[in-house]
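Please treat every number below as a calculation from the coordinates, not as lab data. What you see is a predicted model, and the numbers here were worked out from it, not measured in a lab. For neighbour counting, all protein chains shown are included, and Cβ atoms are generated from backbone atoms with ideal geometry for every residue, glycine included.
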Amino acid sequence: MDERRVRASYARYMRLKGRSEETIDLYERVWKLFRTTCSEALEDITRADVEEFLDLRRASVKDTTVARDWCCLSPFFAWAVREEYLERNPMKLIPMPGAGDTPPRVLSNEELGKLFRATQGTSYRQRRNHAILRLMSEVGGPRRSEICNLRMDDIDWSASLVTVSGKTGTRRLVFGDRTGAALERFMKVRDRMSWAGTEWLWLGKAPMGHNTLAYILKSTCDRAGIDPISAKILRHTAAHRAMDSKGLSTTDLQVAFGWKSAHMLNVYGRQLKESRSMNAIRRLGLSDQF
């Protein structure tokens, strides 16, 4: 069996299902990683082969990464059986590894304030970085690729909306007045740059690279005097702040953050859930009614 042809067919299937190129690339990277531990022919891969790979990963990476690897491999084997490339699914009886109880990091209001203050200034980079941080902290917490791929036409200035496109499709996010002001200040210096005519919001011949965004976040954290963060941490922070506020329903949160199911509320909301519970009880003040 030609494994390359089968994998190409699977990639085509995922594109037809609307999976992003970033997701398809992740699935392929995990597959290649799996193949470094398993040299069996595709049709001869067994449950033991997959379990060995997951055990090896568990010894070197976080539980959440092992669970992600399982999620990248399992759909492929199930698809291969449906398409009659394989007679059996070697992962059928392998349960999804637990992601562990360690919640993701969430920034405090003080840390967010330090990040914003660290990017204040009049230079192009300062205003760009400040606008990026403001956008990523809005309700809906744009993903890394959604921020990097922003175009000029994605900003609706009159309605204070930004259109983002990523792994779960396209959605529009509302941004507040301070974010709007940060974007306007950025545009004033952007208009004077040599690449001002490009379609990409953050300038350049192509979208901003993921490594560039990672560097922006790291260097800003260094100046702010806080531990390094990733785009995912900002998204978790935005989710926590949205859940801790009043007036947003489950549907509101799903639409804003681009979650396909309410289950993602538990994934993103498990950090500081005790804190949110206590804040909600304080707001009710039931014991003070007597």
Given a Förster radius of 25 Å and the C-beta distance between Lys17 and Ala159 as r, what FRET efficiency does 1/(1 + (r/R0)^6) yield to the nearest 0.05?
0.20
Computed magnitude of the charge dipole of the chain (debye, nearest 20; Cβ of K, R +1, Cβ of D, E -1):
980 debye
Taking the Cβ-Cβ separation of Arg5 and Lys92 as r and a Förster radius of 30 Å, what is the calculated FRET efficiency to the nearest 0.05?
0.80
Roughly what angle does helix 3-16 make with the longest principal axis of the chain, taking Cα atoms, 0 to 90 degrees, to the nearest 10?
40 degrees
Compare the peptides 233-243, 53-63, 73-83 by average per-residue count of other Cβ atoms within 10 angstrom and give them in order, highest first.
233-243, 73-83, 53-63
Per residue of region 214-226, in order, report the coupling 6.51 cos²θ - 1.76 cosθ + 1.60 (Karplus, θ = phi - 60°) as ³J(HN,Hα) in whole Hz, putting x for Gly and Pro.
4, 5, 4, 5, 5, 5, 5, 4, 4, 5, 7, x, 10
Under 14 Å Cα-Cα from Lys62, which aspartates and glutamates qualify once same-chain neighbours fewer than 8 residues away are excluded?
Asp101
In Å, the Kirkwood estimate of hydrodynamic radius for region 1-158 over Cα pairs equals 19.0 Å
Give me the Kirkwood hydrodynamic radius of the chain, using the inverse of the mean 1/r over all pairs of distinct Cα atoms, in Å to one decimal.
21.6 Å
Under 26 Å Cα-Cα from Lys17, which lysines qualify once same-chain neighbours fewer than 8 residues away are excluded?
Lys32, Lys92, Lys167, Lys232, Lys260
Toy charge model, Lys and Arg Cβ at +1, Asp and Glu Cβ at -1: region 109-272 dipole around Cα centroid in debye, rounded to 20, equals 320 debye
Taking region 109-272, the whole-percent share of alpha-carbon pairs separated by over 20 angstrom is 50 percent
Give me the extension gain from Met187 to Glu40: residue separation times 0.36 nm, minus the current Cα-Cα distance, reported in nm with one decimal.
47.4 nm
Tell me whether region 3-82 comes out rounded, prolate or oblate; compute the Cα gyration tensor, take square roots of the eigenvalues as a ≥ b ≥ c, and use a/c under 1.5 as the rounded threshold.
oblate
From the phi of every residue in region 252-261, what ³J(HN,Hα) in whole Hz does the Karplus formula 6.51 cos²θ - 1.76 cosθ + 1.60 yield, where θ is phi - 60° and glycine or proline is x?
4, 5, 4, 5, 5, 8, x, 8, 7, 9
Under the Karplus relation 6.51 cos²θ - 1.76 cosθ + 1.60, θ = phi - 60°, what is the ordered set of whole-Hz ³J(HN,Hα) values for region 69-82, x standing for Gly and Pro?
4, 4, 5, 7, 8, 4, x, 5, 5, 5, 5, 4, 5, 4
Can you list the residues, at least 5 places off or on another chain, whose amide H is less than 5 Å from the amide H of Gly141, using H built in the peptide plane?
none
With runs of 4+ DSSP H residues as the only contributors, calculate the mean residue ellipticity of the chain at 222 nm using -39,500 (n - 2.57) per run, divided by the residue total and rounded to the nearest 500.
-17000 deg cm²/dmol
Net charge within 12 Å of Cys38 by Cβ-Cβ distance, Lys/Arg positive one each and Asp/Glu negative one each, not counting Cys38 itself?
-3
Nearest 10 degrees, 0 to 90: helix 124-136 Cα axis against the chain principal axis:
70 degrees
How large is log10 of I(q)/I(0) for region 66-197 at q = 0.12, 0.13, 0.22 Å⁻¹ when the intensity is taken from the Debye formula with one equal scatterer per alpha-carbon?
-0.67, -0.72, -1.33
Can you give me the angle between helix 273-284 and the longest principal axis of the chain, using Cα atoms only, in degrees from 0 to 90, rounded to the nearest 10?
40 degrees
